[in-house]
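Take a look at the structure set out below.
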Amino acid sequence: MTTTARTKHENPYAGAYADFQKQTESHRLVVLHDDGIYRHLRIQAPGTRMWSWDVSTWPGHLATSGDIASGFIFSRIEDMLDFFTVPTSKQDYYTDGSPCIDMHYWAEKLVGADNLHRARIYSHRVFLQNVKNSLEEDENLGVEAQEVHENLVAVTKRVCARHDFDFDYYLTIQNDETRLPRLEIDDDDPDEWEYFGQEIPELSPVDRRKEILNEAQEVDEYYEAAREWLREHEEIFGADTWEWDLNEFDTQLVFACYALELTTRRWREYLAQKPAPAPTSHIPGALQRRIDEVIGHENYASYVLDGQTAKPNGEGYHDVVTIEDLPAGDSRVTAFTLGPDGEIEQSVIPAPQTRKKS
């Protein structure tokens, strides 16, 4: 079975991601607080707070603070670390190896008008990309128009060559019927029927696109200047350019998104290495405290018997027994009983006597 290679995409924030990678390559997770969904996590390089950030979570919310991801609050699901976890299947989406983050979707989860407002700013790059895309789709200047132009030039050159007529001279007189000779076309060539005789513009569509795009690049890099230039070129781009979104996400938010993706990755690694919690002993707190007081050290094992009796008549009733290791290889067994009135009793269980052989 043949496997088709997955097409990778260009990351629109490749520059920001390259900076992020360079500055955070030695960053580690520091868990400052971990109490269920209440967490305080810090990502930093050892020994410095440069390019560090903190992430705090509580039910339904996540907040960032620190050097590169300051002041964003998100809300969507109960545990927001789950929300910002990018599946491993999407880690190979972009050509630069950056995680596949839907910035628009993540930004929609920002809390508060101020956060939403500062998430997006005017981008001269986005303005130029809109101009470029519009030109490439234009009926007269676009990619398809360039293909028509190239066919037109090729056919005209072929007809001129067949009649030993100079092509460059043809271009200078193509609109002067008094000077333009009669050049016969090949009746069996459909391209000559379709294209020959059409006017060949001085600039090809691709050259005209480059000319307009170069002009756009000279526009002052602020929102009002871009809008004014588009209005001045309405005959090319139409009257609907006011619908163009000329903004992109602020670098601070882009960094915050990359920071959150790295935080959740480090958190998953931390959880995978975290020892499983010890099983609960089911020993009531008051009883456990008495055991700790009586024994006074941790070198013992406890066994919960839940009120089992040692004898059929009920004698020897106890809830917990402990076995201590004593010097010289000895051990001590102590029984603890919690009465219905809360009173605790304890007694040492003597070691069984070994009968000597006669």
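The values are calculated or read from the model by the stated rules, or taken from the named source; none is laboratory data. Note that this is a predicted model, so its numbers are computed, not measured. Cβ atoms come from the backbone with ideal geometry, glycine included; neighbour counts cover every protein chain shown. Just the protein is used for accessible areas: all its heavy atoms, side chains included, with ligands, DNA and RNA removed. Shrake-Rupley method; radii C 1.70, N 1.55, O 1.52, S 1.80 Å.
Observations on the model:
- Residue that is surrounded by 14 or more Cβ atoms within 10 Å (Cβ to Cβ) and either touching an Asp or Glu at 6+ places or on another chain (Cβ under 7 Å) or acidic (D, E) (or both), where the choices are D168, D240, D186, D245: D186
- Whichever residue in segment 240-289 is under 31 Å from the mean Cα position of the chain (by Cα) and of a type in the set (S, T, Y) and, among such residues, is farthest from T57 (Cα to Cα): T241
Here is a yes/no grid of residues against (1) open to solvent by less than 20 Å² (accessible area, probe 1.4 Å); (2) in a strand (DSSP E or B); (3) not hydroxyl-bearing (S, T, Y):
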residue	(1), (2), (3)
D19	no, no, yes
K22	no, no, yes
L41	yes, yes, yes
V86	yes, no, yes
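- Filter result for D82 (farther than 27 Å from Q273 by Cβ, in a helix (DSSP H, G or I) and either in contact (Cβ under 8 Å) with a residue 60 or more places away in the chain or not aliphatic (A, V, I, L, M) (or both)): no
- A259 being under 30 Å from S52 (Cα atoms) and modelled with pLDDT of 85 or more: yes
- Meets criteria (assigned to a helix (DSSP H, G or I), in contact (Cβ under 8 Å) with a residue 60 or more places away in the chain and open to solvent by 80 Å² or more (accessible area, probe 1.4 Å)) for E269: yes
- Here G60 fits the description: modelled with pLDDT of 95 or more, touching a helix residue (DSSP H, G or I) at 6+ places or on another chain (Cβ under 8 Å) and surrounded by fewer than 18 Cβ atoms within 10 Å (Cβ to Cβ).
- Across segment 171-183, the qualifying residues are those that are open to solvent by less than 80 Å² (accessible area, probe 1.4 Å) and touching a residue at least 12 places away in the same chain (Cβ under 8 Å), and the one among them that is nearest to Q146 (Cα to Cα) is L171.
- Candidates A216, A226 - the one that is under 14 Å from I121 (Cβ atoms), more than 30 Å from the chain's Cα centre (by Cα) and at pLDDT 95 or above: A226
- Among residues of segment 184-243, those that are part of a loop (DSSP other than H, G, I, E, B) and of a type in the set (A, V, I, L, M, F, W, C), counted: 6
- From H9, H27, residue being out of contact with any Leu (no Cβ under 6 Å at 6 or more places or on another chain) and open to solvent by less than 50 Å² (accessible area, probe 1.4 Å): H27
- Residues in segment 137-149 that are crowded, with 17+ Cβ neighbours inside 10 Å and either more than 12 Å from V206 (Cα to Cα) or charged (D, E, K, R) (or both): D138 alone.
- Cross-chain or 6+ apart pairs with Cβ under 7 Å, segment 236-247 first and under 17 Å from R125 (Cβ atoms), then part of a loop (DSSP other than H, G, I, E, B): L246/S123; N247/S123
- Cross-chain or 6+ apart pairs with Cβ under 8 Å, segment 290-304 first and of a type in the set (A, V, I, L, M), then modelled with pLDDT under 85 and not in a helix (DSSP H, G or I): I291/I283; I291/S302; V304/S281; V304/H282; V304/I283; V304/D319
- Among the residues of this structure, H104 counts as one that is open to solvent by 20 Å² or more (accessible area, probe 1.4 Å), part of a helix (DSSP H, G or I) and within 16 Å of Q252 (Cα to Cα).
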